[in-house]
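The values are calculated or read from the model by the stated rules, or taken from the named source; none is laboratory data. As the structure is a computational prediction, the values presented were derived from the model and not from experiment. Virtual Cβ from ideal backbone geometry, glycine too; neighbours counted across all protein chains shown. With ligands, DNA and RNA removed, areas are computed over all heavy atoms of the protein, side chains included. Shrake-Rupley method; radii C 1.70, N 1.55, O 1.52, S 1.80 Å.
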Amino acid sequence: MSKGFMKAGHMPTLLSAFLYFDLAFMVWVLLGPLGVQIAASLHLSPAQKGLMVATPILSGALLRVVMGLLVDQVKPKLAGTIGQLIIIIVLFIAWRMGVHSYLQTLILGMFLGVAGASFAAALPLASRWYPAEHQGTAMGIAGAGNSGTALAALVAPSLAIAYGWTNVFGLALIPLITVFIIYITLAKYSPDCPPSKSLAEFAAVLKDQDAWWFMFFYSVTFGGFVGLASSLTIYFNTQYQLDAKTAGFFTAACVFAGSMVRPIGGNIADRIGGVKSLSGMYVVAALSLFTVSFAPDSAWTALAMFVVAMLSLGMGNGAVFQLVPQRFRKEIGVMTGLVGMAGGIGGFYLASSLGYSKQMTGSYQIGFLIFAALVIVALIGLSGVKSRWRTTWGASHLTAAKI
């Protein structure tokens, strides 16, 4: 990390954004690591398991738009405060009253989506403090909070074995309340805070084709990341008969790799340009997903393939958000919400399609192959827009950032 970066922006706010995002993501995907125990307790089919872990992702995707609107109306810190209070109350109710049916898991999953919407508050909270040449690194650090998904995979299955899976919701309140206090104390509003926009101005963003390109690119990188994070515990348990605790460890290794490289992806994008770095990451992701679709004989081989996939997807997340603030700096609140929504929808598609693929064909292969094809489509799309981007809003005489 350069001295210039350390002197720019506001480090306490960046730390607060990271912690808020981290714990929110831990909660958002919590049903995935608990999926083996919940499925055994409620006697769920493969398709039901897939939809159960996909529901928070879809809910979070849609709520990111709502959070994006809220951020532009009441500023990122207050929007994040509201989101954290809601999820604390929801988990307290789930802990004290219990979850007793498949329908109740879906309802809980819908409310857990509020945690997934944290993306639309945490990233603008950090981004608005930093100049263009440090956006990739700053957004990468704040976005590395998606490592919370690794925490969930690492700890939740073991806690469920020791205390019962319902009590995991109560135990999650301890770090959530701690981070909430840190967030309230340290996070500050940026002096570079754009004025609130009308709904018509929000809709106008969608008339820009670049907005749709960014939504698609992120639906592949983040959608792949969060879809795998939610599904791999069940996958390793079903495909390789690993127990819930070991499957959680395998998942945590994959997710940890993908989440911790997000700042590196942003930093590389700052150095060589977001388009070039994202293109390379798409190639690696497509190859690894294609390979793993053939279900290697060894769980360790599959683990290695998934780690490679998550590394490329995680770095791709950082690269996308090196580009978005350059193109939509004045609309970063709403664009973070829209792009984040698209990322969540990509994750919902992958998680649910894997469940349906398993139920209908007895194998996860079709689910992985179709998503690998989507990665290739994204690569082709990126190749198609890069020349226009580099000669318009990304031209060297208009921005200090490399596109």
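A quick yes/no check of all residues on (1) in contact (Cβ under 8 Å) with a residue 12 or more places away in the chain; (2) farther than 11 Å from Ser118 by Cα; (3) open to solvent by 50 Å² or more (accessible area, probe 1.4 Å); (4) in a loop (DSSP other than H, G, I, E, B):
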residue	(1), (2), (3), (4)
Ala39	yes, yes, no, no
Ala47	yes, yes, no, no
Met52	yes, yes, no, no
Val66	yes, no, yes, no
Gln73	yes, yes, yes, no
Thr81	yes, no, no, no
Ile88	yes, yes, no, no
TODO: State the number of residues belonging to segment 266-304 that are of a type in the set (Phe, Trp, Tyr), surrounded by fewer than 24 Cβ atoms within 10 Å (Cβ to Cβ) and part of a helix (DSSP H, G or I).
DONE: 2
Open item on the list: What's the number of the only condition in (1) open to solvent by 40 Å² or more (accessible area, probe 1.4 Å); (2) within 18 Å of Ala122 (Cβ to Cβ) that Tyr20 fails to meet?
Closed with: (1)
- [ ] Would you mind finding the one in Val324, Val377, Val385 that is within 21 Å of Val71 (Cβ to Cβ) and either surrounded by fewer than 23 Cβ atoms within 10 Å (Cβ to Cβ) or β-branched (Val, Ile, Thr) (or both)?
- [x] Val324
TODO: Would you point out the residue of segment 137-164, among those that are of a type in the set (A, V, I, L, M) and at pLDDT below 80, that is most open to solvent (accessible area, probe 1.4 Å)?
DONE: Ile141
Task: First in segment 366-392 and within 22 Å of Arg327 (Cα to Cα), second anywhere and at pLDDT below 90, Cβ under 6 Å, 6 or more apart - done: Trp389/Ile403; Arg390/Ile403
Open item on the list: With the condition being open to solvent by less than 10 Å² (accessible area, probe 1.4 Å), of a type in the set (A, V, I, L, M, F, W, C) and within 23 Å of Leu323 (Cβ to Cβ), I'd like the helices (runs of 4 or more DSSP H) fully within segment 195-265 carrying at least 3 qualifying residues.
Closed with: 209-240
